[in-house]
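Remarks on the structure that follows.
The values are calculated or read from the model by the stated rules, or taken from the named source; none is laboratory data. As the structure is a prediction and not an experimental result, all values here were calculated from the model. All Cβ positions, glycine included, derive from the backbone under ideal geometry; neighbour counts span all protein chains shown. Surface accessibility is based on the protein's heavy atoms, side chains included, excluding ligands, DNA and RNA. Shrake-Rupley method; radii C 1.70, N 1.55, O 1.52, S 1.80 Å.
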Amino acid sequence: MRTAMTLLLALLLGAFWAAPARAGAGGGPGRIPAPPGLTSTDVAFTGAGGLTLYGTVLAPAVKGPPRPGVVLVTGSGAGVPREHLLTEATEFARRGLAVLIYDKRSAGYTALRRDYSELAEDALGGLRALRARPGVDPRKVGLWGLSEGGWVAPLAASRSAEAAFVIVVGGNAMTPIRQQTWNEVSDLRRVGVSGSLIDRGKPALARLAGDAGVFAEAYFDAPAVLARVRQPLLGVWGEHDLQTPPEDNPPLFAKALRRGGNDHCTFRFFAGADHAAHLTPDGGITRGPELAPGYADLVGAWVRDVTSGKPPAADTATPPGGAATPPHQAHASTEVPPLAWWESRWVHLAAAVLFLVGFLAYPLAALVRRLRGRRVRPVSRWARLLAGAGLVAAFGPVVYLLSLVAGSDPSPGPVLGGRPLPWLVLQGLAAATVVAAAGTTLAWRRTGAAVPRGERVRLGLLLAAGAVFVPWGVHWGVLLP
């Protein structure tokens, strides 16, 4: 039964935060030509579970003393190719670093399943490979993580003192479910949506996905991981980060690090930059090919300082690069707690079954009677409205919310007074369901004992579904403003 329930919800919610998958377990050998002034060396190393991963090390072509190094950990998606971070690798290498980029695993990574622990072990495999490279100082190699990598890189560093430092770009010191809900709510706010759809509906769907286990790593405990990080940490955010709350996260990073006794952190913010600290021409919607001015210089100087025995203390202003004041968010992110037992997927399933039986049984029984030539006078026309409106109002919000996370650029539809038209329709049907339930109850009480036994069963199921719909409608937000 548990497996069947999980599969059912996976089918319903599987569109959540889906990432395009690439074939293969861990990529394969792929030559990256050396950019001018750099060398390019293909490498292979072992990740979690013995998986072979392939990558490329870019480094300055000039000879010199052993240099610092950094392993780049990419964001979400299965099998993301190493070329995705080629711009960052090239610019960091031109600042004197040896940089490893690698093809992300696709084995064991899907829209419904990912394991940050596995990804952290992959990153540590890359760290060991880079530390062993000729011309690299093994004491000065650290980790850099973008977006999802901002959860993975600190986790890897918390497990190994071999990592000399941590850099996060567009990183989060909050749960993935809180970050993702903020991201999706922000998209809706930008087109004028407000009210219960974003206050209740969006979080309700995310929490159900987390409870059903189809939102992978939904409640990953980022603060607990950061409290175990002892290495210096640099956090970078773009002014136009639309995926990660750039104002909320730095204080959360600082609080978690200091809880573990680590105050060696630096936070910087770049004007005109997006989630990945690339320049953006349209406020973060489109990622430009170039890094924000000063970003690569900041990374190079910061790494040289921290690997030379000069870790930052309490976000000191040195080295220069970026602003020290975070950009203003249009709205704050909020905690998205797990479902309580009375909201769990099992309660949702039981309510859904009741709605199907209660709301569908009423018209189906009438149809069967008509086909058999039997007619029973309905207690009230309110019962017909309750059956029709209730069925749509019960399942419509879930279907509509799923449509908002499906596809690459979902639209909520026309927005009237802060409410998308489809949501307004569902709210109207929800209100009609409550009114019809009250009208049906009063009509049945007036009729009393004159109602046949079979009709009582049918009305009882209908009214039970109507009664359960009230807390359901509040939970999903269709009975709220």
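Over the chain, what is the percentage of antiparallel beta bridges among all DSSP beta bridges, to the nearest 5?
Bridges in the chain that DSSP calls antiparallel: roughly 45 percent.
Could you let me know the centre-to-centre spacing of the range 394-448 and the range 74-149, using Cα atoms, in angstrom?
46 Å
What Kirkwood hydrodynamic radius, in Å, does the range 253-343 give when the mean of 1/r is taken over all pairs of distinct Cα atoms and then inverted?
Radius from the Kirkwood sum: 15.7 Å.
Extent of the range 26-131 along each principal axis, from alpha carbon coordinates, in Å, largest to smallest?
Computed over the Cα atoms, the extents are 44, 21, 20 Å.
For the residue pair Ala438 and Ala271, what label-to-label distance in nm results when each label sits 7 Å from Cα along the Cα-to-beta-carbon direction?
Distance between label points: 5.7 nm.
Let's see if you can work this out: charge +1 on each Lys and Arg Cβ, -1 on each Asp and Glu Cβ, no other charges. What is the dipole magnitude of the chain about its Cα centre, in debye to the nearest 20? Before the final figure, lay out each step's value.
Details: 48 positive and 33 negative charges, 481 e Å.
The calculated dipole for the chain is roughly 2320 debye.
Counting only helical runs of four or more DSSP H residues, what would the 222 nm mean residue ellipticity of the chain come to if each run contributes -39,500 (n - 2.57) and the total is spread over all its residues?
-14000 deg cm²/dmol
Could you calculate the FRET efficiency of Gln329 with Lys63 from 1/(1 + (r/R0)^6), where r is the beta carbon distance between them and R0 is 35 Å, rounded to 0.05?
Once the sixth-power term is evaluated, E becomes 0.15.
Please work out how many pairs of lysine residues in the chain are eight or more positions apart (or on different chains) and have Cα atoms closer than 26 angstrom.
6
Measure off, as a whole percent, the carbon and sulfur share of the 1.4 Å-probe accessible area of the chain, all protein chains present.
On the chain, the fraction of accessible area on carbon and sulfur atoms equals 61 percent.
For the chain, with every protein chain kept in place, what is the accessible area per residue (1.4 Å probe, Å²)?
42 Å²
Starting from 0.36 nm per residue, how many nanometres of slack lie between Ser160 and Arg446 once their C-alpha separation is accounted for?
95.5 nm
Given that just one value was derived from the coordinates, which of [x] 1.00; [y] 1.19; [z] 0.96 is Cα Rg over 2.2 N^0.38 Å?
Evaluating Cα Rg over 2.2 N^0.38 Å on these atoms matches [y].
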